[in-house]
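The values are calculated or read from the model by the stated rules, or taken from the named source; none is laboratory data. Worth saying up front: this structure is predicted, and the values here are computed from it rather than measured. Positions of Cβ are generated from backbone atoms using ideal geometry, with glycine treated the same way; all protein chains shown enter the neighbour counts.
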Amino acid sequence: MRAWERHAEHRTSGEWHVHTSFTDGTATVDELCGAAERSGIPLIAFTEHVRRSPDYDFRAFLDQIDLARGRYGLTILSGVEAKVLPDGSLDVDDDILASVDYPIFAYHSFPADKELFFGTLHDVITSGRAHAWAHPGTFSTRTGITLAEDELNEIMELMARYRVAMEINTKYLTPDASWARAAREAGVAIVRGSDIHSLKDLAERDERWSKMSPLL
Ligand SMILES: [Zn+2]
Ligand SMILES: [Zn+2]
């Protein structure tokens, strides 16, 4: 079962995209859980950046999450944000992938090649290895790649069939209205991710969400 199916009631009230000081965030697991609890956020998912060999102690990251679960009154999930590689795999070790509650995928540095983008998107969605697509549309917008309507619909139908959720990312304000509509029509589940990197990001979460919620 996907994490967002298990916690379906928190798909848009919970926070599904958070980074900590283990990578490029500035706050600790503990600080973020405390602040989330005080703000009444019911769920927080730590989707930390990874590579096949992370340059930080991933076990320590999981240990901090376990400790926080005993301290704070909200649902706390472990996760990773893994980047898609040109061969269609994810840049994450299998053991790490299996150890987390909520793995998500993203396009970061990737060749500006539409065929490769479309093909790897297929591979990743059908592999069943990720529960959601993080900041969908940032890569294609940045590189000027456009999917034709039938291609977009094909991807959305695959996401629905393989139960891959689409993140509404309030940091990058993606997806756009046309992608959100295609997702809705195909029955793709939506999760709310703010790409939190600091306590300030967490505090501004609702204000940012209000810009995106008309898409739902
Ligand atoms: Zn990202
Ligand atoms: Zn992120």
Fill in the blank from the handout: Listed by first then second residue, the pairs whose first member lies in region 90-111 and is touching a residue at least 60 places away in the same chain (Cβ under 8 Å) and under 10 Å from Val80 (Cβ atoms), whose partner is in a loop (DSSP other than H, G, I, E, B) and within 14 Å of ligand 2 (Cβ to nearest atom), with beta carbons under 9 Å and at least 6 positions apart or on separate chains, are Ile104/Ala130; Ile104/Ala134
Practice task
Could you pull out the residue among Gly88, Gly119, Gly34 that is part of a helix (DSSP H, G or I) and over 17 Å from Trp16 (Cα atoms)?
Solution key: Gly119
Problem - Hey, Gly137 modelled with pLDDT under 95 and closer than 18 Å to Val191 by Cβ or not - result: yes
Completion exercise
Of the conditions (1) in contact with a Pro (Cβ under 7 Å, 6 or more places away or on another chain); (2) without any contact (Cβ under 8 Å) to a residue 40 or more places away in the chain, the single one that Ala82 does not satisfy is (2)
Problem - Test result for Leu77, modelled with pLDDT of 95 or more, within 16 Å of ligand 1 (Cβ to nearest atom) and aliphatic (A, V, I, L, M) - result: no
Handout entry: Qualifying residues in region 19-56 (those that are free of Cβ contacts under 8 Å to residues at least 12 places away in the same chain and farther than 22 Å from Leu85 by Cβ) - the one surrounded by the most Cβ atoms within 10 Å (Cβ to Cβ)
Key = Ser21
Exercise for the section: Please tell me if Thr126 is touching a Pro at 6+ places or on another chain (Cβ under 9 Å) and either of a type in the set (Ser, Thr, Tyr) or surrounded by fewer than 17 Cβ atoms within 10 Å (Cβ to Cβ) (or both). Expected result: no
Fill in the blank from the handout: By residue number, the members of region 135-188 that are away from ligand 2 (no atom under 16 Å from the Cβ) and in contact with a Lys or Arg (Cβ under 7 Å, 6 or more places away or on another chain) are Ile145, Arg163
